[in-house]
1. Please pick out the residue among Val116, Val53, Val92 that is at pLDDT 95 or above and of a type in the set (A, V, I, L, M).
2. Within region 86-131, can you find the residues that are under 14 Å from Cys5 (Cβ atoms) and without any contact (Cβ under 8 Å) to a residue 12 or more places away in the chain?
3. If you take just the strands (runs of 3 or more DSSP E) that sit entirely in region 43-144, which of them hold at least 1 residues that are within 13 Å of the chain's Cα centre (by Cα), among the aliphatic types (A, V, I, L, M) and surrounded by 16 or more Cβ atoms within 10 Å (Cβ to Cβ)?
4. Looking only at residues in region 3-42 that are part of a loop (DSSP other than H, G, I, E, B) and small (Gly, Ala, Ser), which one is nearest to the chain's Cα centre (by Cα)?
5. If we scan region 17-34, do we find a residue that is touching a Gly at 6+ places or on another chain (Cβ under 8 Å) and modelled with pLDDT under 95?
Amino acid sequence: MNDSCQVDFYVLARPGQSAEHLACKLAMMAWEQGHHVAVLTADEAEADSLDEVMWDYPPGRFLPHCRGQADPETPVSIDTCAAEIPADRDVVINLADSAIPEPGRFRRLLEIVPGVEQKRLASRQKFREYRNMGLEPAHHTIGK
C-alpha cells in the first residue's frame, strides 16, 4: 500500500447541508489543480442524482464528468463500485457508506460526512478502518 494517501474527512455541521454540492465543489477544486477525480456513490440512484447536480453546480460553472470508465480524458468520473474506479484517478471523493479498499492506490481520499446520524455512524466506522490501515485521517468541519 502507498503510505502517501492523504485522507480527509469533511464533516457537514448542519443536517441540511448537501453532500452532493460539497462533492461538486471539491471535485471542481481538484480538477482545477490538474487532478483526475472519481466520486464514489452508494448506488445507481445516487449516481444519477449526482450526475444531474454536476450539470448545474456550482452555478455558472461546468464540471466535465462522465459515468464510470466511459472516457479517461474526462477529469471527473462518477462510480458506484470502489473496485472499478479507473486507475488514472488520483483523487477519490467517497459518498458511499463503506471505506475505500486499498486507499493507497490514490493520492487523496476525501470522505464527506453528512449531518444525518446514520451516515455519521458509517463515517466513524470508516475513520476507524483507515486508522487501522495505518493512515492518519484529517478532520475538517464545514459550515459551523
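The values are calculated or read from the model by the stated rules, or taken from the named source; none is laboratory data. From a predicted model like this one, the values you see are computed outputs, not experimental measurements. Here the Cβ is made from the backbone with ideal geometry for all residues, glycine too, and neighbour counts use every protein chain on show.
1. On the way: Val116 fails: at pLDDT 95 or above; Val53 fails: at pLDDT 95 or above.
Being at pLDDT 95 or above and of a type in the set (A, V, I, L, M) holds for just one of Val116, Val53, Val92, which is Val92.
2. Passing the criteria: only Arg131.
3. Working: elements: 65-67, 76-79, 91-94, 108-113, 138-142.
Of the strands (runs of 3 or more DSSP E) lying wholly inside region 43-144, those with at least 1 residues that are within 13 Å of the chain's Cα centre (by Cα), among the aliphatic types (A, V, I, L, M) and surrounded by 16 or more Cβ atoms within 10 Å (Cβ to Cβ) span 76-79, 91-94, 108-113.
4. Filtering region 3-42 for residues part of a loop (DSSP other than H, G, I, E, B) gives 3-5, 13-18, 33-36, 41-42.
After this cut, where a residue has to be small (Gly, Ala, Ser) as well, the list is 4, 13, 16, 18, 34, 42.
Values: Ser4: 17, Ala13: 17, Gly16: 19, Ser18: 13, Gly34: 16, Ala42: 11 Å.
Among residues in region 3-42 that are part of a loop (DSSP other than H, G, I, E, B) and small (Gly, Ala, Ser), the one nearest to the chain's Cα centre (by Cα) is Ala42.
5. The first filter runs over region 17-34 and keeps only residues touching a Gly at 6+ places or on another chain (Cβ under 8 Å), leaving 17.
From what's left, modelled with pLDDT under 95: 17.
The answer is yes, given that some residue of region 17-34 is touching a Gly at 6+ places or on another chain (Cβ under 8 Å) and modelled with pLDDT under 95.
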